[in-house]
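Trainee: Below are the structure tokens for one structure; questions will follow.
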């Protein structure tokens, strides 16, 4: 079975139609540096996805304009930022992770430091913590917030009320920290 297909749409350009195990219905997204994508659930045809994309052409065009502005701003920002050395980032972030895990009694399995495009951090079901090396561009309290967020996931695997209550014990005003973090872009 074909997993993806690219179509050309007038005034839009390339649109990726891609099978998704997670999709329950046809879903259009427009993202910076990725463009337009239609998630196609198994059981639906690419033809139906293409029809839906054509019917939403104006919506896609409007969002592509917004995304192009974001891409331009990102390019300007990226050109003005100094490079981050991955080995240095791993050393600094792993050190801070160890400090916070010892201070608050958390345990984790392994730590990975990557240059991710969409996440500041993540915690796997095996309690492996992955941190984005771009964290080093943030103020220290936000770095600690992200690290504590992932450490709390070693105990609470979802974003339930229990998770947020637990995180608040260690990080303080999580709402304020979250809103500040959203102002920083990957």
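Trainee: Just one of 135, 54 is part of a helix (DSSP H, G or I) and either more than 30 Å from residue 5 (Cα to Cα) or outside the structural domain of residue 40 (by TED's automatic domain parsing) (or both); which is it?
Mentor: That would be 135, the only listed residue that is part of a helix (DSSP H, G or I) and either more than 30 Å from residue 5 (Cα to Cα) or outside the structural domain of residue 40 (by TED's automatic domain parsing) (or both).
Trainee: When only residues in segment 109-124 that are modelled with pLDDT of 95 or more and exposed (fewer than 13 other Cβ atoms within 10 Å of the Cβ) count, which is farthest from residue 82 (Cα to Cα)?
Mentor: If we take residues in segment 109-124 being modelled with pLDDT of 95 or more and exposed (fewer than 13 other Cβ atoms within 10 Å of the Cβ), then 109 is farthest from residue 82 (Cα to Cα).
Trainee: OK, next. Just one of the numbered conditions (1) in contact with a strand residue (DSSP E or B) (Cβ under 8 Å, 6 or more places away or on another chain); (2) outside the structural domain of residue 141 (by TED's automatic domain parsing) is not true of residue 114; which one?
Mentor: (2)
Trainee: Filter segment 138-166 down to the residues that are assigned to a loop (DSSP other than H, G, I, E, B), at pLDDT 95 or above and crowded, with 17+ Cβ neighbours inside 10 Å and list them by number.
Mentor: Residue satisfying the conditions is 154 alone.
The values are calculated or read from the model by the stated rules, or taken from the named source; none is laboratory data. What you are looking at is a predicted structure, and each value in this text was computed from that prediction instead of being measured. In this analysis, Cβ positions are derived from the backbone assuming ideal geometry, glycine residues included, and neighbour counts consider all displayed protein chains.
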